[in-house]
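The values are calculated or read from the model by the stated rules, or taken from the named source; none is laboratory data. Source: prediction; values computed, not measured. Note that we place each Cβ from the backbone using ideal geometry, even for glycine, and neighbour counts take in every protein chain shown.
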Amino acid sequence: MKIQLDTLAYTNRLRHVSPAQKLSFGLSTLFFVLVAHTKVHVAVFAWMSVWIVGYAGIAARVYVNLLMALAVFLALGLPPLVLEISLQPVLEPVLFQFSAGPWHVYASEEGMKAAGVLLFRSLASVSCLYFILLTVPFTELLVVLRRVGIPALITDLLLVMYRFVFVFLETAGQLWIAQQARGGGRGFMNKMQAAGRLVTRLFTRTLQRYQQLSIGLTARGFEGELRVASRTSFSVSRRYAVEAAVGLILLFVLELWTRR
């Protein structure tokens with residue numbers, strides 16, 4: 001998936017649209033999600049999914065696989081909001097409850113509401129971020145950030161971090177395959193020892209790759225700022241601009257209606 005993200009960003013149907021237009025649309029919707037209510041979150045998630053799958057032409061299977069990464073976060077974050085433990089008898093409305101000695105484990109209605117808000121806000125926010133990641137190549141994103149006044153130091157750090165995410169994943173995959181080929185996955189103790197060796201070797205190998213990158217930049221005359229190439233023949237789509245504006249207005253109206 002790490003290679004496919006860049007591929008999709010360069011080959012989607014919205015490739016010809018200005019990256020500044022796509023970035024401003026995605027961020028505007030994201031900021032609106034942060035102050036909106038749950039009904040608006042559901043609408044934003046559905047709307048951004050239409051943009052990603054319908055307009056950008058991203059395969060639904062790929063989009064669902066990306067959303068599965070969010071499922072891990074939700075699986076860890078939602079249960080603590082839903083389930084509560086108490087030594088006292090439960091007096092508030094609950095959905096279910098069971099007791100184990102003096103302990104009472106229950107799921108309250110307030111906890112379910114909080115979990116629902118987190119679920120739909122997370123889906124809406126992640127859909128906005130996925131729209132940016134899947135339609136705007138990272139180098140063009142950096143160009144836009146520099147044009148709006150973001151210091152070159154910050155964009156350079158973002159570029160290096162983005163590069164080393166792929167380096168980290170590639171190195172971890174290579175080391176894991178090598179360990180599995182040597183029988184490192186047989187038995188619980190062997191798996192734990194293999195995981196420890198993997199972390200140690202991964203740290204060493206990543207430092208080596210960083211040193212190689214530093215030497216390569218120095219050999220190419222690095223002078224304190226990373227240069228990125230970007231296309232200049234982008235157009236601002238009036239159709240998408242109008243649809244985005246109308247959609248945001250409708251979301252704003254829905255938010256006002258929700259607060260009544």
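Okay, here's what the table says:
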| item | result |
| --- | --- |
| Single unsatisfied condition, residue 18 versus (1) modelled with pLDDT of 85 or more; (2) closer than 30 Å to residue 173 by Cα; (3) in contact with a Ser or Thr (Cβ under 9 Å, 6 or more places away or on another chain) | (2) |
| Total residues in the stretch 29-60, condition free of Cβ contacts under 8 Å to residues at least 24 places away in the same chain and not in a helix (DSSP H, G or I) | 1 |
| Residues of the stretch 8-28 classified as in contact (Cβ under 8 Å) with a residue 40 or more places away in the chain, closer than 22 Å to residue 254 by Cα and among the small types (Gly, Ala, Ser), total | 2 |
| Test: residue in the stretch 20-27 that is assigned to a helix (DSSP H, G or I) and surrounded by fewer than 13 Cβ atoms within 10 Å (Cβ to Cβ) | no |
